[in-house]
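Novice: Before I ask anything, here is the structure I am working with.
Coordinate-derived values only; no laboratory data. Note that the coordinates shown come from a computational prediction; the quantities given were computed from them, not determined experimentally. When we count neighbours, we look across all protein chains shown, and the Cβ atoms used for this are built from the backbone with ideal geometry, even at glycine.
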Amino acid sequence: MNTLSVKFEIPAAIAFQAGLDLNNISHDIKQIIAFFLYEHKQISLSKACELGGFSQWEYFEMNRRLKIPILYNKEDLRKDMEKLTNV
């Protein structure tokens, strides 16, 4: 997989106010981006987990804690059920 390295600066006061772990800020920012992109339907759940570095179960737990809606509808269920019948 090709990766991009992104560098930007944020004021320390904002990082502190946002509750970011200053010793692991890159990881925290990647998780925030993963949540944002998934919530705005720009990437799938599996891609959000890949980007954020967590399992789907960890993602669901963080969603619950942060009160982020899980985007899963009847069509998603139908597709998942169809995939399972072909296993």
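Novice: Could you work out the helix-only [θ] at 222 nm for the chain, with each DSSP H run of four or more residues adding -39,500 (n - 2.57) and the total divided by the number of residues, to the nearest 500 deg cm²/dmol?
Specialist: -18000 deg cm²/dmol
Novice: Starting from the Cα of PHE36, step 7 Å along the direction of its Cβ; do the same at ALA18; then give the gap between the two resulting points in nm.
Specialist: Going by the 7 Å Cα→Cβ label model, 0.7 nm.
Novice: Return the subset of LYS47/LYS79; LYS7/LYS47; LYS30/LYS83 for which the Cα-Cα distance in this structure is over 28 Å, preserving the input order.
Specialist: LYS30/LYS83
Novice: What residues have an amide H closer than 5 Å to that of ILE43, excluding those fewer than 5 places away on the same chain, when H is modeled at 1.01 Å from N in the peptide plane?
Specialist: Placed amide hydrogens put TYR38 under 5 Å from ILE43.
Novice: Compute the FRET efficiency between TYR72 and SER26 as 1/(1 + (r/R0)^6), taking r as their Cβ-Cβ distance and R0 = 41 Å, and round to the nearest 0.05.
Specialist: 0.90
Novice: Does the chain come out rounded, prolate or oblate by the C-alpha gyration tensor, with a ≥ b ≥ c the root eigenvalues, rounded set by a/c under 1.5 and, if not, prolate when a/b is larger than b/c and oblate if not?
Specialist: prolate
Novice: Please get the size of the charge dipole for the range 16-80, origin at its Cα centre, with Cβ charges of +1 on Lys and Arg and -1 on Asp and Glu, quoted in debye to the nearest 20.
Specialist: Dipole about the Cα centre, nearest 20: 240 debye.
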